[in-house]
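Below: one structure, written as structure tokens.
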Amino acid sequence: MKEVLLKDFRPECLLKVAEHVPERARFPVIDAHNHLFGDLPADKLVEVMDAVGVRLWLNVTGNTTLPLVNNTYSIARRELDFFMEHYARRYPGRFAAMTMADFAQWGDPVLIKDRDFAKRCIECLERDAAAGACGLKVTKELGLFFRDYEGNMLRVDDERLDPIWARAGELGVPVLIHVSDPIGFFLPIDERNEHYLTLLHFPGWSFHGAQFGKGELLEQRNRMIARHPRTKFLLPHVANLPENLAAVGELLDENPNVFIDFSARIDELGRQPHAAHDFFVRHQNRILFGLDMPVSAAAYRCYFRLLETRDDYFEYPDYIGRFGVYTRWRLYGLDLPDTVLEKVYAGNALRLIPQLTEAMKG
């Protein structure tokens, strides 16, 4: 018999399981975390939304364009009015947007170029809020890429940014702030890393050796949040720590101004279905629905399947919406109660972002 090395072992799965893929969500959905990848036309977006039961679609990077190139994206700044004109006003009641204000910067690492950055950022936030923006979005470049005019890497809790977070609270708009990335993105790219194949394909997603490690970045974020109890913070991707739901639960318990979404992290939740079910039930008033990947009916339906069914061992889309390419394992349904589903699908988004109620009126 030919010797088979462990690295060559690729068995075919013989498990036969029932499939219950919802065509539409059980309740109306607000996709509270997505981006206009590749400027997908509004009519195409609405076609998918209508097919799966998404009532409102929130573009969290409303004053940017995100062209898709080679299955990944770049980002460039443009006026918020583009999205409002071509999407929100064209389809009243179906679209809303956040703004990145002056955090909308790509390629240039120097964010704080002078002492007036916070003032300019607040002025832009105020203009965009007056034009309909319902929140401030900050990307992971804060803490990992952005520097000041002296060349120092910006900390998430840099006090020069405090006026921005405070003003968002005064305006009544949440701050959706993405800090760090999956734990594996901060580890060496080797066969022990859960994200090995993904990082081989997207080496730029690796932050191994970054100035601030994963734990330090989250500590900076948590200190900043504690300084601004009157500002609502929406922490995406299960607060960027879905690998440790107990720690996320403690964060929510200690900070009533914090909400989370689970966009682009159903892979983490579906491999721990019992813990994730209990987590959603316990924190049912603080969790928002979000897709955060190129829109497709199949991706939405997989999210609904995770939340609504008891299905075993099913595929899921990767970070850019592809099935069966760089998925690492299979998922198990959480079978959430209807009372929880209604809040997660839309109720919590309406409570956190009151402007969405007006947006849905058209």
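With the structure loaded, tell me whether residue 301 is more than 30 Å from residue 192 (Cβ to Cβ) and basic (Lys, Arg) or whether it fails that test. Considered against the rule, which asks whether it is more than 30 Å from residue 192 (Cβ to Cβ) and basic (Lys, Arg), residue 301 comes out as yes. When 328, 271, 301 are checked against the criterion of being part of a loop (DSSP other than H, G, I, E, B) and either among the hydrophobic types (A, V, I, L, M, F, W, C) or modelled with pLDDT of 95 or more (or both), a single residue qualifies: 271. For the condition at pLDDT 95 or above, aliphatic (A, V, I, L, M), under 23 Å from the mean Cα position of the chain (by Cα) and surrounded by fewer than 22 Cβ atoms within 10 Å (Cβ to Cβ), residue 125 does not qualify. I need a count of the residues in the stretch 243-267 that are in contact (Cβ under 8 Å) with a residue 60 or more places away in the chain, closer than 27 Å to residue 315 by Cα and not β-branched (Val, Ile, Thr). Of the residues in that region, 4 qualify. Among residues of the stretch 180-210 being in contact (Cβ under 8 Å) with a residue 60 or more places away in the chain and among the polar types (S, T, N, Q), the one that is surrounded by the most Cβ atoms within 10 Å (Cβ to Cβ) is 180.
Just to verify a result, which residue in the stretch 288-321, among those that are under 21 Å from residue 61 (Cβ atoms) and either β-branched (Val, Ile, Thr) or without any contact (Cβ under 8 Å) to a residue 12 or more places away in the chain (or both), is surrounded by the fewest Cβ atoms within 10 Å (Cβ to Cβ)? Among residues in the stretch 288-321 that are under 21 Å from residue 61 (Cβ atoms) and either β-branched (Val, Ile, Thr) or without any contact (Cβ under 8 Å) to a residue 12 or more places away in the chain (or both), the one surrounded by the fewest Cβ atoms within 10 Å (Cβ to Cβ) is 320.
Take the conditions (1) of a type in the set (A, V, I, L, M, F, W, C); (2) in contact with a strand residue (DSSP E or B) (Cβ under 6 Å, 6 or more places away or on another chain); (3) closer than 18 Å to residue 154 by Cβ; residue 258 misses just one of them, which is (3).
Here the stretch 240-252 is the region considered, the condition is being over 19 Å from residue 194 (Cα atoms) and touching a helix residue (DSSP H, G or I) at 6+ places or on another chain (Cβ under 9 Å), and the residue that is surrounded by the fewest Cβ atoms within 10 Å (Cβ to Cβ) is 246. Pairs, please: C-beta under 9 Å, at least 6 apart or cross-chain, first residue surrounded by fewer than 19 Cβ atoms within 10 Å (Cβ to Cβ) and in the stretch 162-176, second outside any helix (DSSP H, G or I) and hydroxyl-bearing (Ser, Thr, Tyr)? Pairs that qualify, where the first residue is surrounded by fewer than 19 Cβ atoms within 10 Å (Cβ to Cβ) and the partner is outside any helix (DSSP H, G or I) and hydroxyl-bearing (Ser, Thr, Tyr), are 166/231; 169/231; 170/231. The residue that is surrounded by the fewest Cβ atoms within 10 Å (Cβ to Cβ), counting only those in the stretch 20-69 that are part of a loop (DSSP other than H, G, I, E, B) and of a type in the set (Asp, Glu), is 23. Of everything in the stretch 89-109 that is part of a strand (DSSP E or B) and small (Gly, Ala, Ser), the residue that is nearest to residue 204 (Cα to Cα) is 97.
Looking only at the stretch 224-248, residues that are within 13 Å of residue 258 (Cβ to Cβ) and part of a helix (DSSP H, G or I) come to 9 in all.
The values are calculated or read from the model by the stated rules, or taken from the named source; none is laboratory data. In this text the structure is predicted, and so the values were computed from the model without any measurement. With ideal geometry, Cβ positions are generated from the backbone for all residues, glycine too; neighbour counts draw on all protein chains shown.
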